[in-house]
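**Student:** The structure's right below; bear with me while I get my questions together.
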Amino acid sequence: MKNPTLWIIVIAVLIIGGSMWWKTNQTNTTTPEPIIPTGIVLYFGDTCPHCKVVAQFIEDNKIKEKVNFQEKEVYNNQANAKELSAVAKKCGLATDAIGVPFLWDGSKCLEGQDQAINFFKDKAGIK
């Protein structure tokens, strides 16, 4: 090794060049932000007791025949959970403490079984 400076420069160029090549050839591992739904969505968890109360209300009062809405399970479906977080964020809610049942009416957020049931009562014309 007659010229150690030359070797240091060569090694530095290889490291920097390799790093740049590796960075540009990485696939994008971030997932895009979920699209905020435009219609009514009821987010629920499959083992949530309050969600079961809402589900029973929906069944007993034939709400699905009277109100057009989607149901999305969030405990076992990561895409639905991310969508719920995005919706909550749009409403200005903290995304680290979102509970279910959670209802999105297309413009505002309603949390908890009472708000969800009251929303469906109103939409279905139930007194």
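The values are calculated or read from the model by the stated rules, or taken from the named source; none is laboratory data. In this text, all values refer to a predicted model and were calculated from it rather than measured experimentally. Cβ atoms come from the backbone with ideal geometry, glycine included; neighbour counts cover every protein chain shown.
**Student:** Name the pairs whose Cβ atoms lie under 6 Å apart, with the first residue in the range 69-88 and more than 21 Å from PHE120 (Cα to Cα), the second among the small types (Gly, Ala, Ser) and at pLDDT 95 or above, and 6 or more positions between them or separate chains?
**Tutor:** Pairs found: TYR75/GLY45.
**Student:** Can we say PRO32 is farther than 19 Å from ALA124 by Cβ and either crowded, with 16+ Cβ neighbours inside 10 Å or modelled with pLDDT under 80 (or both)?
**Tutor:** Considered against the rule, which asks whether it is farther than 19 Å from ALA124 by Cβ and either crowded, with 16+ Cβ neighbours inside 10 Å or modelled with pLDDT under 80 (or both), PRO32 comes out as yes.
**Student:** Quick check: anything in the range 77-91 under 15 Å from the mean Cα position of the chain (by Cα), closer than 14 Å to HIS50 by Cα and not polar (S, T, N, Q)?
**Tutor:** No, that holds for no residue.
**Student:** Now, a different point. Can you tell me which residue within the range 93-127, out of those that are aliphatic (A, V, I, L, M) and exposed (fewer than 15 other Cβ atoms within 10 Å of the Cβ), is modelled with the lowest pLDDT?
**Tutor:** By that ranking, first place goes to ALA97.
**Student:** For the range 57-92, enumerate the residues that are exposed (fewer than 12 other Cβ atoms within 10 Å of the Cβ) and part of a helix (DSSP H, G or I).
**Tutor:** GLU59, ASP60, GLU65, GLN78, ALA79
**Student:** I'd like the full set of residues that are part of a helix (DSSP H, G or I) and either under 15 Å from the mean Cα position of the chain (by Cα) or of a type in the set (Lys, Arg) (or both), limited to the range 38-56.
**Tutor:** Passing the criteria: only LYS52.
**Student:** Could I ask something else about it? So VAL41 clears everything in (1) at pLDDT 95 or above; (2) among the aliphatic types (A, V, I, L, M); (3) farther than 18 Å from GLY112 by Cβ except one condition, right? Which one?
**Tutor:** (3)
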